[in-house]
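Working notes for the structure below.
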Amino acid sequence: MSDGQTSAQAPVTARTRVGRPLLSLALASMMDEVHAHSGAVYLLADDASVLEMAVMAGLPRAFAAPWERVGLSAPIPVAEAVRERRLVWVGGEEEMARRYPRIAVVLPYPFALAAVPVATETTVYGAVFVTWPGSHPPELSDRERDHLVAACDRLAVRLERAVEDSVPLHAEPDLLAAPTVGGAAGTLGTVEAARMVARLPYGLCSLDLHGRIGFANAAAAELMGVQVSDLLGSQLWAAVPWLNDPAYEDRYRAALLSQHSTSFVALRPPGDWLSFRLYPSTTGLSVRISRARAVAEMSRAGPQPGDAPSRLVTISQVLSLAGALTEAVSVQDVVQLVADEIAPAVGSQALVVLGSRAGRLHVLGHRGYEDPHVVERFDGLPLSEQTPGTHVLTSGVPAFFDSREQLERLYPERHATPDGFTSWAYLPLIATGRPVGTCVLAYAEPHPFPADERAVLTSLGGLIAQALERAVLYDAKHQLAHGLQEALLPHSLPPLPGIDAAARYLPATQGMDIGGDFYDLVPAQGLAAAVIGDVQGHNVTAAGLMGQIRTAVRAYTTVGQPPEEVMRSTNRLLIDLGSDLFASCLYLRLDPGRGRMVMARAGHPPPLLRRPDGRVRVLDLAGGPLLGIDSSATYPTTEVDLAPGSVLVLYTDGLIESPGVDIEEALAGLGRRLAEAGDRPLDELADELVRHSAATQERIDDVALLLLRARSQG
């Protein structure tokens, strides 16, 4: 077998048939040679882009259900073995979590795995994986490697011959020990053995690889409160209702996959605690059941301070947290949500969320630390320095410390200063295959981290990472958008002869908080020009186009074009730019010395004019279509008197539009507020007019407001 070669003939599929179980026999022989306890054979599907599981041995297929069909690009060992034409070795639980976190989340147990391609020099047929218990050495021996590669080479040759002979292949029955259902004598083989078991003071059960009960003595049935006849042939957690808990089924899975004995304690209602000890083998499990007296005594004494909940985080909690994280927008939203919901759910009293920039750690947010100087020690640490935070971020492997002694033994220098906590979980935040940060959870009391809790915390770290990645991107875009908008809008209004002015801008509360609303004042040869407009959209594109329109209006005003020409020129420019966005605009030329103004309108809401006597009217202006629609459009002008003391109100539609409110009623309300405001200073009047919009929690559009008042002569 040579690396890097591609298939030269059509791939075989898992749906053709041979005369005898070729795949099952090859897999069983392979596992026996290397003393593996489970494995599976995958074959390429018709389109050569998917691997299909053809046979599994040693474990129920349900253990590998998420990977029965996998794409060749999937980040799992068998796919990688096919892609790279090499043996892939995963030496244990930590290496699995680092390299293949998706598998580690579903199977967070100690086991080793090897995946090998099944291929000739010209054709790839599939792949095989086999697993060993967690007690296997962290490295694959040369003997094991040679046996696996040679066995897969032999299998590839046999598959090649089957294809040449047009003998179809098919998925074969999995290799599992058959369930032994029957009485005690039939199960154990002798009547004397059954009598011996019956005399024992504790319960005994035998489970097959699927968890079905093949034998149960009378003591087991009595302890669990179920008849022996109701137990036989059923899965333990199905036959005993109060054992129907994913946490207990997880112990069975852990025992089979790791081939290590496991145990758990369960409450038989109303108040009897039972201890279950599971002893696995390659054919099934033996279960010893007894009364958990120590736990019962603790239960009678009542809950003690610091007692952990029976289950760390329920499935419904995980779903709720995942849903909440999808709603987090900014980095501080993510930090707040982790502090409010995730930290309490896992029993943590403090947290720090770390990111990286320019090769150094930086603190994105923290909660629960009374002294901020404690958190400052994380900020600015080089990623090359060996600390828990940097190591987790760079390696992607979580770290758990159940005591200060354990932490200081591994990292004595950087953690000499006490922070008031005694246990820590350092979770790598990995999204789209790359580390985006580290979440540090601190505990006030000594806190052990069993395997199931570590799996839950690691899974939560993945949810936090995805939310954090989105939030960092949002914050960067948000900062860019606001910087762009601040650069495009006028920082201050220029002084104009005979005119006082005030302006306000409120961003939308939805989306990027940026839009295309704009306003400007332009001195022009003893006169003055004012413009207000609204580019369609709420994004960086709209803001950029707004800047181009504002610049164009200033340029056309400066060269002396009349209002109708300014609008026509701006319209043609917008069309020439090829943008798909439209813009509304209102442009006016002010002549306060003669007490008049000339206006041109392009689909913009009509302005309001407040006379010196307090009367307010909506100006009915001639106009043309929105800018950017018709290159031949014209924009007629309207001349309006501007008496000293009059106030002209120019605005964008965000000031008067809101869901469920009639536009005419909103415009009338604006006119009433303007009439009731009196002759107060323009800045106070501007604040009053936007207050109604500012009080609305959810603005779907930006608000721009420009007020102009003609000063009295003399």
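The values are calculated or read from the model by the stated rules, or taken from the named source; none is laboratory data. It should be emphasised that the depicted structure is a prediction, and the values quoted were computed from it without experimental measurement. Glycine also receives a Cβ, built like all others from the backbone with ideal geometry; neighbour counts cover every protein chain displayed. Note: accessible area is taken over every heavy atom of the protein model, side chains too, but ligands, DNA and RNA are not part of it. Shrake-Rupley method; radii C 1.70, N 1.55, O 1.52, S 1.80 Å.
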Suppose the chain between Glu341 and Val329 were pulled fully straight at 0.36 nm per residue; how much longer would it get relative to their current alpha carbon spacing?
2.7 nm
Which residues in segment 593-609 have a backbone N closer than 19 Å to a point placed 7 Å from the Cα of Ser712 along the Cα-to-Cβ line?
593-596
Calculate, for Asp402 and Arg61, the FRET efficiency according to 1/(1 + (r/R0)^6) with r their C-beta to C-beta distance and R0 45 Å; round to the nearest 0.05.
0.80
Taking 7 Å along the Cα-to-C-beta vector as the label spot, tell me the Arg409-Asp46 distance in nanometres, rounded to one decimal.
5.9
Show the residues, 5+ positions off or on another chain, whose built amide H is closer than 5 Å to the amide H of Leu175.
Met56, Ala57, Gly58
Euclidean distance between Cα centres, segment 233-276 to segment 619-637, Å:
77
So for segment 514-644, using the alpha carbon gyration tensor with a ≥ b ≥ c as root eigenvalues (a/c under 1.5 gives rounded; past that, a/b versus b/c decides prolate or oblate), I'd call it prolate
The set of residues whose placed amide H lies less than 5 Å from the amide H of Ser403, leaving out same-chain residues fewer than 5 positions away, is Trp424
In nm, the gap between the two label points placed 7 Å beyond Cα toward Cβ at Val559 and Arg596 is 2.6
Roughly how far apart, in whole Å, are the Cα centres of segment 130-160 and segment 29-48?
9
Sequence of Arg709, Arg610, Arg367, Arg672 when ordered by accessible area, the most exposed leading, probe 1.4 angstrom:
Arg672, Arg367, Arg709, Arg610
With contacts defined as alpha carbon pairs under 8 Å and 6 or more residues apart, what's the relative contact order of segment 323-387 in percent?
25
What is segment 125-174 by shape, rounded, prolate or oblate, if you read a ≥ b ≥ c off the alpha carbon gyration tensor as root eigenvalues and call it rounded for a/c under 1.5, prolate for a/b larger than b/c, and oblate otherwise?
oblate
Size of electric dipole in segment 495-618: Cβ of Lys, Arg +1 and of Asp, Glu -1, about Cα centre, debye, nearest 20
520
Taking θ = phi - 60°, what integer Hz values does the Karplus form 6.51 cos²θ - 1.76 cosθ + 1.60 yield along segment 198-207, in sequence order, with x for Gly and Pro?
5, 7, 5, x, 10, x, 10, 9, 10, 10
With a 1.4 Å probe and all protein chains kept in place, how much accessible area does Glu84 have, in Å² rounded to the nearest 10?
80
Ignoring ligands, DNA and RNA, how do Asp687, Asp517 rank by accessible area with a 1.4 Å probe, largest first?
Asp687, Asp517
Karplus-derived 3J(HN,Hα), 6.51/-1.76/1.60, for each residue of segment 96-102, Hz, glycine and proline x:
5, 5, 6, 8, 9, x, 5
Given H placed on each backbone N at 1.01 Å, which residues far from Gly624 in sequence or on other chains put an amide H within less than 5 Å of it?
Arg601, Ala602, Gly603
With every protein chain left in place and a probe of 1.4 Å, what is the accessible surface of Ile76, to the nearest 10 Å²?
10
Segment 84-115 versus segment 640-658: alpha-carbon centroid distance in Å
68
From phi via Karplus (6.51, -1.76, 1.60), per-residue ³J(HN,Hα) for segment 402-407 in Hz, x at Gly/Pro
8, 7, 5, 4, 5, 5
